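The structure under discussion appears below in the form of structure tokens.
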Amino acid sequence: MAAKIKKGDRVVVLTGKDKGRTGAVLKVLPTENRVVVEGLNMVQRHTRPTQADPQGGIKNKEASIHLSNVAIADANGKASRVGFKIEGDKKVRFAKTTGDVI
């Protein structure tokens, strides 16, 4: 099945502590049905010093969000569902609210 949300898409968070905020998708985890969104769902990780990071300490990073809790942002910045249609010989995604191709 084709992916409704891909890396680089702008998404809106529907539920949780970041409800209503938007961001770009950094990573999609299809086997876990989760996405990592830039600057959202930030968590603190206590990291041990390594050769790559000799300082270590408490670092902020993005945690993943379940796919059901995010939606594609349409041209107006509102949440939209994703549909598929055939244009010529290509299958494309489109926002159901505006009809624009994503």
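The values are calculated or read from the model by the stated rules, or taken from the named source; none is laboratory data. What you see is a predicted model; the values in this text were computed from it and never measured. No Cβ is skipped: glycine too gets one built from the backbone with ideal geometry, and neighbour counts run over all protein chains shown. Each accessible area value is taken on the protein alone, full model and side chains, heavy atoms only, with ligands, DNA and RNA left out. Shrake-Rupley method; radii C 1.70, N 1.55, O 1.52, S 1.80 Å.
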L67 accessible area, 1.4 Å probe, all protein chains in place, Å² to nearest 10
50 Å²
Please compute P(r) over all alpha-carbon pairs of region 11-69, binned at 5 Å starting from zero, and give each bin as a whole-number percent.
4, 18, 24, 18, 14, 11, 8, 2
Taking a 31 Å limit on the Cα-Cα distance, which of the listed pairs K17/K90; K19/K90; K17/K59; K61/K85; K17/K85; K59/K96 fall beyond it?
K17/K90; K19/K90; K61/K85; K17/K85; K59/K96
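With a cut-off of 8 Å between alpha carbons and a minimum separation of six or more residues, what is the relative contact order of the chain in percent?
Worked out over the chain, it gives 22 percent.
Sort S80, S68 by heavy-atom solvent-accessible area, probe 1.4 angstrom, most to least.
Ranking S80, S68 by accessible area, largest first, yields S68, S80.
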Note down the magnitude of the dipole of the chain about its Cα centre, charges +1 on Lys and Arg C-beta and -1 on Asp and Glu C-beta and zero elsewhere, to the nearest 20 debye.
160 debye
Given the protein chains as shown and a 1.4 Å probe, how many square angstrom of T15 are accessible, to the nearest 10?
70 Å²
Give me the extension gain from R45 to T97: residue separation times 0.36 nm, minus the current Cα-Cα distance, reported in nm with one decimal.
14.9 nm
What accessible area per residue comes out for the chain, rounded to a whole number of Å², with a 1.4 Å probe?
69 Å²
Any trypsin sites (Lys or Arg not before Pro) in region 21-95 that lie in a DSSP loop and have at most 12 other Cβ atoms within 10 Å would be R81
Restricting attention to the alpha-carbon atoms of the chain, what are Rg (one decimal) and Dmax (integer), both in Å?
16.5, 55
